[in-house]
1. With respect to K230, is the statement that it is in contact with a helix residue (DSSP H, G or I) (Cβ under 8 Å, 6 or more places away or on another chain) and of a type outside the set (A, V, I, L, M) true?
2. Between S243, S260, which is touching a residue at least 12 places away in the same chain (Cβ under 8 Å), closer than 25 Å to E113 by Cα and of a type in the set (S, T, Y)?
3. Do the conditions hold for L40, that is, is it surrounded by 15 or more Cβ atoms within 10 Å (Cβ to Cβ) and either in contact with a strand residue (DSSP E or B) (Cβ under 6 Å, 6 or more places away or on another chain) or in a helix (DSSP H, G or I) (or both)?
4. Among the residues of region 268-288, are any closer than 28 Å to C24 by Cβ and in a loop (DSSP other than H, G, I, E, B)?
5. Every residue in region 256-297 that is away from the ligand (no atom under 16 Å from the Cβ) and of a type in the set (S, T, Y), please.
6. Testing I150 on (1) farther than 14 Å from I241 by Cβ; (2) in a helix (DSSP H, G or I), one condition comes back false. Which one is that?
7. Can you tell me which condition Q235 does not meet? The list is (1) in contact (Cβ under 8 Å) with a residue 60 or more places away in the chain; (2) touching a Leu at 6+ places or on another chain (Cβ under 9 Å); (3) surrounded by fewer than 22 Cβ atoms within 10 Å (Cβ to Cβ), and all the others hold.
8. Test each condition in (1) more than 23 Å from C129 (Cβ to Cβ); (2) β-branched (V, I, T); (3) surrounded by 21 or more Cβ atoms within 10 Å (Cβ to Cβ) for I51 and report the one that comes out false.
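Just so you know, all these numbers are worked out from the coordinates, no wet-lab data involved. Remember, predicted model here, so these are calculated numbers, not experimental data. Cβ placement follows ideal geometry from the backbone for every residue including glycine, while neighbour counts extend to all protein chains displayed.
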Amino acid sequence: MTVTKVFYHTDFENHIPTLNNPECSKRVENIIDLINKENLTNLSIIEPNKINKELIYAAHDTNFVKDTLNKFPQNDDIIYLDQETPVSKGSLDSTLRAAGAGIDAIDLILNKECRNAFCIVRPPGHHACIDRSMGFCVFNNVAIATYYLINRYRFSNIAIIDFDVHHGNGTQDIFYENKNVSYYSTHQYPLYPGTGDVNEVGINNIFNVPLEAGTKSAVYQDLFDEKIIKQLIIQKPDFIIISAGFDAHKDDPLANINLSENDFSIITKKLMNIAKEFCDGKILSMLEGGYDINALERSMLAHIKTLQE
Ligand SMILES: [Zn+2]
């Protein structure tokens, strides 16, 4: 068994929102070469399929999904699904493969073809709400994958951990009253999208850890242990899903949290220990943000190297 499957497709380079959009194809276009240079023996790379559209409806309003699928341009126009979510001709295939990656990864993990998976996808997903696209996100990849685990495989105690520097308001929205899912987020606060206060608790299944601008590694790791790991030990999840955004890196231009790529290794290891203890190591991780290209590449490599250990 390969320990880790990495999902990637060159379609993810053809979602080209606008010039100068920080969520650009450069974020991912070198990563496969960089992974290959590492000669990691416990890992293999695989192309995701486009999702069966029916599976998107589980996480989103049906009319919203249908309307959105009809809005993608066939020509060179740029269409704005929301103020920060422009899409181009290549965006539809990219969007369908981004969501499809989570589905394919879950099937492989549950068929024991790998222990965990990292999906290097664009567009990201965690700001996409039940009935709207938002903040670079068209559909909520992680939420769609979570519903697939619930509906297809009958999981009932899933943990989603979101360490992107922005609050995953879309994921929180979708699972706010869902007893099968707990959502944990560390994020700079206040910052876009403005949600993520500690008082937003759902049915005691939402755990928000707001961070002050300037937060450094030691403080972050202590909070992660105190607010997230301790609660995960209480929850005893049967599957772990990670919204892996790397924009809490100190070099990131969109926020002011001071983590390094080594911090992402440490967080990954902590979550792997939880997964090992409670769910046979099963982890699905999906890329969210991260906008300094070099920092993002180094951080993704750190995450992947740890996952495949
Ligand atoms: Zn982000």
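1. For K230, the condition - in contact with a helix residue (DSSP H, G or I) (Cβ under 8 Å, 6 or more places away or on another chain) and of a type outside the set (A, V, I, L, M) - is not met.
2. Testing whether each residue is touching a residue at least 12 places away in the same chain (Cβ under 8 Å), closer than 25 Å to E113 by Cα and of a type in the set (S, T, Y) leaves just S243.
3. Working: surrounded by 15 or more Cβ atoms within 10 Å (Cβ to Cβ): yes; either in contact with a strand residue (DSSP E or B) (Cβ under 6 Å, 6 or more places away or on another chain) or in a helix (DSSP H, G or I) (or both): no.
Considered against the rule, which asks whether it is surrounded by 15 or more Cβ atoms within 10 Å (Cβ to Cβ) and either in contact with a strand residue (DSSP E or B) (Cβ under 6 Å, 6 or more places away or on another chain) or in a helix (DSSP H, G or I) (or both), L40 comes out as no.
4. Within region 268-288, one or more residues are closer than 28 Å to C24 by Cβ and in a loop (DSSP other than H, G, I, E, B).
5. S260, S265, T268
6. It is condition (1) that I150 fails.
7. (2)
8. (1)
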